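Enquirer: What follows is a single structure, and I will ask about it in a moment.
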Amino acid sequence: MDTFAEPPTAKERPVASSRPYLSRQHIVIIGGGIVGLSVARELASRGVRVTLCEKEEIWGAHQTGHNSQVAHAGVYYAPGSAKARLAAAGNRSIVAYAKRHGVAVRECGKLIVATTPDEVSRLDGLALRAKANGVSARSIGPEEAREIEPHVACLKALHVASTASVDFSGICEAMVEELNEAGADLRLATPALAIRHYGGRVEVATKSGVIRADRLVNCSGLHADRIAEMAGLRPPVQIVPFRGEYYQLRSSAAHLVRALVYPVPDPSLPFLGVHLTRMLDGTVHAGPNAVLALGREGYRWHDVSVRDFAATVRYPGLWRLARRFPRIAIDEVTRSFSRRRFAASLSRLVPAIEAADIVRAGSGVRAQALHRDGTLVDDFLHVRAKGQVHILNAPSPAATASLEIARHIADQALED
């Protein structure tokens, strides 16, 4: 079981256009979200023959296509962790990639606001963490905070200038175009049905036939543990899906938020808390509220998968997690059904927001790896076996760090 090594310092390699493969290696990748596409792009840039299989009919259909468009700066993560290193580097590389390829991006910055004395103390600790992670973050008072976000209420704030908004679906489209030019074999609507190892190679059965390759990389997100099991591994974790529910400010209230406004996270809790995000189209999303999803693709309460739900509730790690955070679980479910409670969480940040100002928006599902003892996997995580690499935990900030993750995974996949 590995976390991610230090990101390489070499400059990004462009994907060559329609050139002969420099390597005799053929690698099949399962999962066509932004991480899978980034890995395919990185391998293709090294002259590797790539086949990328995605079970949906579009690229980036799940976590990539349902995120909040935020390129994180790397403030929150434990110094020295893969998330800290790769988010900070990824923020720079993904913004540069978007600019280079004409993808929508806005370098808007973010305010993290403390509204109680206890939060001020935690905010000071967060400022020290930002410094340790090499992220420029400036502590400011309430007057200066209101110059940036006129409607916020706070005792103190942290301004993180490098946080940006990026069209990650547009990033995927640009990568697909590069991969097509490089001659990669890109297959939509191609789920993996079975995986076996034969004669030192890997074979992936699909409805259109068997793909034979030298190596396998699993980037399947919500189904990563199942693909690993299909490939013959016993994953050390299980994916537990959490639905992130969003509201949107009505157009009459959208002026209340200029960019991004976040609360100070509680380090004893697993999620960041609801926040406000001005999207690239000018709308302002609020959330997410985090509840257990009833399916790995359960974007609404009535999206139920009996197989997925049964696997989740049978997993001892879920109940051990619930015993650690019983109050939070109840609060999140209550807020899921109460617009008034949701608005009250937002009004801690921006007091002018009322229940009448918000309407339901879309949801996303986070693929969160969970240990059997009930501890959430805090960092990016992958496991290796002969001829295969499986990314088992890559939630946020994976989209931000996707180019950096890809470099590391490509190194791992090509190692003897």
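Enquirer: If you take the residues of region 373-385 that are in contact (Cβ under 8 Å) with a residue 60 or more places away in the chain and part of a loop (DSSP other than H, G, I, E, B), which of them is surrounded by the most Cβ atoms within 10 Å (Cβ to Cβ)? Break it down stepwise before answering.
Expert: Looking only at region 373-385, we keep the residues that are in contact (Cβ under 8 Å) with a residue 60 or more places away in the chain, and these are 376-385.
Checking which are part of a loop (DSSP other than H, G, I, E, B) leaves us with 377-380.
Details: Val377: 18, Asp378: 14, Asp379: 17, Phe380: 29.
Per the criteria, the residue is Phe380.
Enquirer: Also, quick follow-up: Kindly indicate the residue of region 55-68 that is in a loop (DSSP other than H, G, I, E, B) and under 10 Å from the mean Cα position of the chain (by Cα) and also nearest to Ser38 (Cα to Cα) among those meeting that condition. It would help to see each step written out before you state the result.
Expert: Start the filter on region 55-68 by keeping residues that are in a loop (DSSP other than H, G, I, E, B), which leaves 55-63, 67-68.
Narrowing the set further to residues that are under 10 Å from the mean Cα position of the chain (by Cα) leaves 63, 67-68.
Values: Gln63: 14, Asn67: 17, Ser68: 19 Å.
Only one residue tops the list, namely Gln63.
Enquirer: Follow-up. For Val240, are the conditions met, namely being among the hydrophobic types (A, V, I, L, M, F, W, C), part of a strand (DSSP E or B), under 23 Å from Phe380 (Cα atoms) and touching a residue at least 12 places away in the same chain (Cβ under 8 Å)?
Expert: yes
Enquirer: Output the residue which, of all residues in region 386-416 that are surrounded by fewer than 18 Cβ atoms within 10 Å (Cβ to Cβ) and among the charged types (D, E, K, R), is nearest to Arg320 (Cα to Cα).
Expert: Lys386
Enquirer: Continuing with this model, one more query. When you look at Glu245, is it in a strand (DSSP E or B), modelled with pLDDT under 95 and not hydroxyl-bearing (Ser, Thr, Tyr), yes or no?
Expert: Numbers: in a strand (DSSP E or B): yes; modelled with pLDDT under 95: yes; not hydroxyl-bearing (Ser, Thr, Tyr): yes.
It is true that Glu245 is in a strand (DSSP E or B), modelled with pLDDT under 95 and not hydroxyl-bearing (Ser, Thr, Tyr).
Enquirer: Output the qualifying pairs, or none if there are none: Cβ atoms under 7 angstrom, residues six or more apart or on different chains, first residue in region 135-154 and assigned by TED's automatic domain parsing to the domain that holds His255, second residue in a loop (DSSP other than H, G, I, E, B) and buried (at least 18 other Cβ atoms within 10 Å of the Cβ).
Expert: From region 135-154, no pairs qualify.
Enquirer: Hey, another quick one. Among Ala89, Ala96, Ala127, which is the only one that is in a helix (DSSP H, G or I), of a type outside the set (Ser, Thr, Tyr), more than 20 Å from Met279 (Cβ to Cβ) and touching a helix residue (DSSP H, G or I) at 6+ places or on another chain (Cβ under 7 Å)?
Expert: On the way: Ala96 fails: touching a helix residue (DSSP H, G or I) at 6+ places or on another chain (Cβ under 7 Å); Ala127 fails: touching a helix residue (DSSP H, G or I) at 6+ places or on another chain (Cβ under 7 Å).
Result: Ala89 is the single residue among Ala89, Ala96, Ala127 that is in a helix (DSSP H, G or I), of a type outside the set (Ser, Thr, Tyr), more than 20 Å from Met279 (Cβ to Cβ) and touching a helix residue (DSSP H, G or I) at 6+ places or on another chain (Cβ under 7 Å).
Enquirer: Give the number of residues within region 244-282 that are touching a Cys at 6+ places or on another chain (Cβ under 9 Å) and of a type in the set (D, E, K, R).
Expert: The total comes to 2.
The values are calculated or read from the model by the stated rules, or taken from the named source; none is laboratory data. If you're wondering where the values come from, they're calculated on a predicted model, not measured in any experiment. So basically every Cβ, Gly included, is an ideal-geometry build from the backbone, and we count neighbours across all protein chains shown.
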